[in-house]
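Below is one structure, written out as structure tokens; the observations come after it.
The values are calculated or read from the model by the stated rules, or taken from the named source; none is laboratory data. This is a predicted model, so every value here is computed, not measured. Heads up, the Cβs are rebuilt from the backbone with ideal geometry, glycines too, and the neighbour counts pull from every protein chain shown.
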Amino acid sequence: MSKMVGDNFADGIMALPSFPVVLVTVDQNIMTAAAFHFYSFNPASVMVGIKPDKYTHGLIQEKGEFGINIPTVDMLDKVQICGSLSGKNENKYAKAGLTPKRSNKIDSFIIAECPPVNLECKVVHRIEYEGSHSWFIGEIQQVHLAVNYVRDQALMFWLGQFRAVGGHLIEGADNSELFTVSFRGSEA
Ligand SMILES: Cc1cc2nc3c(=O)[nH]c(=O)nc-3n(C[C@H](O)[C@H](O)[C@H](O)COP(=O)(O)O)c2cc1C
């Protein structure tokens with residue numbers, strides 16, 4: 001049985017399960033974001049939602065690029081520091097004890113302590129729609145992926161609750177479309 005919750009349609013958003021936590025790096029700053037999703041396999045691109053009043057918002061607009069760094073559960077304190085201080089006043093690499101690492105294809109740093117996954121992205125589009133977040137679509141220029149990467153240790157967040165991704169339930173779903181990725185120039 002379901003119930004109607006009246007005119008507050010944001011309740012529908014509050015009810016959503018959880019979102020992946022990423023550390024967005026631009027120039028010399030780091031910002032925690034949970035408004036994050038992949039956008040396309042071909043070209044490989046991701047999207048991140050940043051509120052216009054964030055220091056990071058102006059930096060992304062100025063630089064036209066960002067790094068996506070995937071933290072693990074043992075980095076929760078660093079995630080909270082990067083999600084509460086502003087890079088306008090603080091050096092978050094120093095405050096969180098994180099190490100800036102040179103990127104290959106963008107000017108901005110990526111985070112050395114996030115070896116499972118770092119993505120170097122160029123902004124190709126900003127969604128122009130009046131809402132709480134600006135969504136920047138970034139085409140991936142370079143991927144750093146740890147060889148022993150497992151996603152169980154990744155973090156999720158929503159409404160004040162952090163969760164670990166945890167183990168998977170079944171080995172595979174019976175739908176080949178979910179596994180077949182066609183990349184630019186491939187026949188698949
Ligand atoms: C778990 C978590 C998730 C967050 N997700 C977002 C987000 O998706 N978009 C956003 O604009 N701010 C988000 N924030 C808030 C920013 O990270 C926070 O305001 C930060 O201090 C902004 O940094 P800046 O001023 O250096 O840009 C999140 C914070 C936390 C702790």
Any residue at all in segment 111-118 that is in contact with a helix residue (DSSP H, G or I) (Cβ under 6 Å, 6 or more places away or on another chain) and either at pLDDT 90 or above or more than 13 Å from the ligand (Cβ to nearest atom) (or both)?
-> no
With the first residue restricted to segment 90-108 and required to be in a helix (DSSP H, G or I), and the second required to be not hydrophobic (A, V, I, L, M, F, W, C), Cβ contacts under 6 Å at 6 or more apart or on different chains are Y93/P100; A96/K78
Are any residues in segment 34-47 in contact (Cβ under 8 Å) with a residue 40 or more places away in the chain and within 7 Å of the ligand (Cβ to nearest atom), and if so, which ones?
-> A34, A35
Out of segment 70-83, which residues are in contact with a Phe, Trp or Tyr (Cβ under 9 Å, 6 or more places away or on another chain), touching a residue at least 60 places away in the same chain (Cβ under 8 Å) and within 11 Å of the ligand (Cβ to nearest atom)?
-> L76, V79
Could you list, in sequence order, all residues of segment 48-69 that are more than 8 Å from the ligand (Cβ to nearest atom) and of a type in the set (V, I, T)?
-> I60, I68
Which of the residues spanning segment 71-97 are farther than 22 Å from G58 by Cα and of a type in the set (A, V, I, L, M, F, W, C)?
-> V73, M75, L76
Which residues, taken from segment 84-103, are within 6 Å of the ligand (Cβ to nearest atom) and under 15 Å from Q28 (Cα atoms)?
-> L85, S86, G87, K88
Select from segment 4-26 the residues that are surrounded by fewer than 16 Cβ atoms within 10 Å (Cβ to Cβ) and assigned to a loop (DSSP other than H, G, I, E, B) and list them in ascending order.
-> M4, V5, G6, D7, N8, F9, A15, L16, P17, S18
